[in-house]
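Contents: one structure, followed by commentary.
The values are calculated or read from the model by the stated rules, or taken from the named source; none is laboratory data. Just so we're clear, the structure is a prediction, and the values are computed from it rather than from any experiment. Cβ atoms come from the backbone with ideal geometry, glycine included; neighbour counts cover every protein chain shown. Surface areas here come from the heavy atoms of the whole protein model, side chains and all, with no ligands, DNA or RNA. Shrake-Rupley method; radii C 1.70, N 1.55, O 1.52, S 1.80 Å.
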Amino acid sequence: MIGKFLHFCSLHTLVYQQLRGTALSTSLRSLRPHSTAVAMDKVYFRNAQNTEELHITFRYANQELKLDRSFNFCRRMSERVDEALLRIRNNVEKELTKKSKKKLKGAAAVEAPLAVIPNKIVVEFRREGSEEQILGVTFEELLKSSADGLKLRIHDTNFDVLLNQPWIDSVQLPSSILAGFLVYPLKLDLEFASREHSIAEWYRAVKPANGIFNEKVAWERCAEGFIYQTSASDVGHYLKLVIRPGNEQGLLGPATECISKLPVQVGPTDCPFEQRHQYTKQPLSDPNAIRVVSYNLLADLYADGDYARKTLFPYCAADALKIDYRKQLFIKELLGYNADLMCLQEVDLKIFEHDLKHVLHSFTGIMTPKGTCAEGIALFYRTSRFELVKNYVLHLGDNISTLPVFTPLWNRIKSNEQLAKRICERTTTLQLSLLQVKETGRYVLVANTHLYFHPDADHIRLLQIGFSVIFVEHIYKQVIKERNITSQNIGLIFCGDFNSVPECGIYKLMTEQFVGKDFVDWRSNEKEAVEDVELRQPFLMSSACGTPPYTNYTNLFAACLDYIFYQNDCFDLLQSVPLPTLEQLSENEAIPSVKFPSDHVALIADLAFKSC
């Protein structure tokens, strides 16, 4: 389950939750002028296309009756307006009744008349210029032609009905905000609006002595835009994000403001990835060169929970394990590599949707979940350099017994029922993307995977890579034929967390092109031993980062598991960025830590197409 470390912000807006016929307690009197939410003479109707739900929002302020309250209702388009009007009237009267009672300190509530409250509040719909009430029709019929000229009257106040204005359903800021890192909305749900047409501004303030942010607090404007780069001067300040949702027609809806739950904290300094950034200060300028990153981010799915805290990573500070902390580090790390291609593993679906897609704005991302799992693999490619020709997804467990291209290898292992069952139950996925380099017209076939992890499964992983390279070869030949190109104009890059050390069969297959039937991996589980199977693959491949001692470093296990394999007859290796030292990895016993966001380290390599 994705970790629940994300807190809702103090949300000063009329609509934050959708409560049927319930008045929200937020008073707009606490809002500063720059974030005035719903206008007092407007009622907002929102009905998403092809849905039955109709959300009605308004602010009713009556000085005489001492009432200033926002209301939010969820009704149905097929409902008669009479029923909704009755519900609105009941809720307004309920609020008036509450106002007629004043709680005395240390005593029971007593009647304290604040104003003359009418017996019945008049609530009705009318059309502009007409005195006739609108009754006996459904909302669908009411809004069929237009909302123009439609009025809602509540007591002595007339509201203009506005339909489907730009709107913010909810917005959150992360629970951890570190100085020197990026901050942005953790979640932003827009209706009838888009980010690119909305206006966002950041403010900061020190929390008042009474702990209450009210209209007297002086907020200092910091920046505009949805992403804010914090600095040391922000430490100790609370941040406020004010957003006015907008659409492509230039219409702006009511503003929403969101205040962080905690102040900006001091961030880690001298992170090892910042030293690695010295090798990647600028994007590559050579049109034939490609910078590749492969990185297992450590999904929150595996970092959240007692087992992770007490068994897997007991040495890691609890706050540093939280995804709100870790993602700030790996996002800054990824951005500093100035990559062209990023192959990521253990990517939480929510992190992809709410973080990576928006922060890596120079890239296009492709997410491939592992079956029904809440994490998966993702490719990000720099949009200015590549055009996606086609993306292929191979869920190995679902396809190895059915795809014709796999039949020869499948026929050799299917007689071992226990083996066949185990490999077919795995959710291991291969992501294969065909990209065309815009400057040169050449093609790159990028493979990304995360193989099965179990200690007694060397044979399973070797079969998984065997099936994977069969599929890659099939697509490679197909592309050459369909695109009418030569092998000099297409190169293979195969990245991932292979969960396999260099001494095992995967590295041998990828770099030597052959694994014999007597190789030790085939018998990593005697009951599932693979008999009379040998593997070959046609590509001349090298490991761009070699075989470093560690790409994964915990106190339970530390070894080289991650690789960037590249086709060495197609690419030259320009550089591979040095990995962190053992001293750095063990500074806090192991990783993840306050300076390392994952239990793996990123691999970075610069490749260049060979001259034709």
>> Looking at the range 487-510 only, could you name the residues that are among the β-branched types (Val, Ile, Thr) and closer than 20 Å to residue 432 by Cβ?
In response: 490, 493, 506
> When you scan the range 185-223, how many residues do you find that are part of a loop (DSSP other than H, G, I, E, B), open to solvent by 50 Å² or more (accessible area, probe 1.4 Å) and free of Cβ contacts under 8 Å to residues at least 24 places away in the same chain?
Replying inline: 5
>> With the requirement that a residue be open to solvent by 10 Å² or more (accessible area, probe 1.4 Å) and not β-branched (Val, Ile, Thr), what does the range 462-472 give you?
In response: 471
> When you look at residue 61, is it farther than 29 Å from residue 216 by Cα, surrounded by fewer than 18 Cβ atoms within 10 Å (Cβ to Cβ) and modelled with pLDDT of 85 or more, yes or no?
Replying inline: no
> Looking at residue 473, is it assigned to a helix (DSSP H, G or I) and either more than 30 Å from residue 456 (Cα to Cα) or aromatic (Phe, Trp, Tyr) (or both)?
Replying inline: no
> Within the range 403-428, can you find the residues that are surrounded by fewer than 20 Cβ atoms within 10 Å (Cβ to Cβ), within 33 Å of the chain's Cα centre (by Cα) and of a type in the set (Val, Ile, Thr)?
Replying inline: 427
> Where residues in the range 473-531 are farther than 26 Å from residue 375 by Cβ, surrounded by 16 or more Cβ atoms within 10 Å (Cβ to Cβ) and of a type in the set (Ser, Thr, Tyr), which of them is nearest to the chain's Cα centre (by Cα)?
Replying inline: 476
> Among the listed residues 281, 310, 322, which satisfies the condition of being surrounded by 19 or more Cβ atoms within 10 Å (Cβ to Cβ), more than 22 Å from residue 447 (Cα to Cα) and of a type outside the set (A, V, I, L, M, F, W, C)?
Replying inline: 322
>> Return the residues of the range 568-585 that are in a strand (DSSP E or B) and buried (at least 22 other Cβ atoms within 10 Å of the Cβ); say none if nothing qualifies.
In response: 571
> Which of the residues that make up the range 419-455 are of a type in the set (Lys, Arg), touching a residue at least 12 places away in the same chain (Cβ under 8 Å) and closer than 27 Å to residue 523 by Cβ?
Replying inline: 422, 426
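Conditions (1) outside any helix (DSSP H, G or I); (2) of a type in the set (S, T, N, Q); (3) touching a His at 6+ places or on another chain (Cβ under 8 Å); (4) modelled with pLDDT of 95 or more, marked per residue:
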{"site": "320", "(1), (2), (3), (4)": "no, no, no, yes"}
{"site": "327", "(1), (2), (3), (4)": "no, no, no, yes"}
{"site": "330", "(1), (2), (3), (4)": "no, no, no, yes"}
{"site": "344", "(1), (2), (3), (4)": "yes, no, no, yes"}
{"site": "384", "(1), (2), (3), (4)": "yes, yes, no, yes"}
{"site": "391", "(1), (2), (3), (4)": "yes, yes, no, yes"}
{"site": "408", "(1), (2), (3), (4)": "no, no, no, yes"}
{"site": "422", "(1), (2), (3), (4)": "no, no, no, yes"}
> For the range 224-261, which residues satisfy the criterion of being of a type in the set (A, V, I, L, M), open to solvent by 20 Å² or more (accessible area, probe 1.4 Å) and either farther than 23 Å from residue 40 by Cβ or not in a strand (DSSP E or B) (or both)?
Replying inline: 227, 232, 235, 251
